[in-house]
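Worksheet: one structure, shown below.
The values are calculated or read from the model by the stated rules, or taken from the named source; none is laboratory data. Nothing here was measured: the structure is a model prediction, and the numbers come from that model. Counting neighbours? That spans all protein chains shown, and the Cβs are built from the backbone with ideal geometry, glycine included. SASA here: full protein model, heavy atoms, side chains in, ligands and nucleic acids out. Shrake-Rupley method; radii C 1.70, N 1.55, O 1.52, S 1.80 Å.
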Amino acid sequence: MNIFVGNLSFLATEDDVKGVFEAFGDVTCVRIKKKSGKNSRGFGFVSMPDELQAQAAIAGLQNKDFMGRFLSVSIERPKAAKPKKDYKEIKRRSRLAKHETTPAVFVAPTIPEKEGNPRKKIWNEARKFAQPAGAQAWEKRKGRGTAKPWKKKPGGVNKKFKYTR
């Protein structure tokens, strides 16, 4: 009978776990799951040939302190069977889906012209023909916003403030 042992110490070895379970009967094998072959994942499985001894071990070791941690011991539950994916069927369905649907026509959103300051954005004639039909290309005017407010004007008047400092 297979037994799940959870909340194991990360320093616990298979021999340590086997020694604890041998007090209740014969132990066939101990498997501690590890992360990519290095450190323990904190749980493992113990196989015991006799079911009565396994039930006694589960009852005797549940919530017992082992290497500074309280063990969680139970009967191993079988893994749920995952259905195999049929990749050929998936590929066939995706090909059919591509051919059944009509391709979407690209419609570029139009940018409404803003009222107010006409110098904020200008139309770029050079990029007009590179865009898809119906699209509008806008480009910021070069050289705008480069004046620094703390730069002094000739005559000692600060640009940001009326008076000199």
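Values as computed for the structure displayed
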read-out	value
Selection within the range 44-71 - exposed (fewer than 15 other Cβ atoms within 10 Å of the Cβ) and not aromatic (Phe, Trp, Tyr)	49, 50, 51, 52, 59, 60, 62, 63, 64, 65, 67, 68
Test: residue 28 is without any contact (Cβ under 8 Å) to a residue 24 or more places away in the chain, more than 17 Å from residue 60 (Cβ to Cβ) and open to solvent by less than 80 Å² (accessible area, probe 1.4 Å)	no
Among (1) exposed (fewer than 15 other Cβ atoms within 10 Å of the Cβ); (2) touching a residue at least 60 places away in the same chain (Cβ under 8 Å); (3) not in a strand (DSSP E or B) - the single one residue 8 does not satisfy	(1)
Complete set of residues in the range 31-43 that are open to solvent by less than 70 Å² (accessible area, probe 1.4 Å) and either at pLDDT 95 or above or in a loop (DSSP other than H, G, I, E, B) (or both)	37
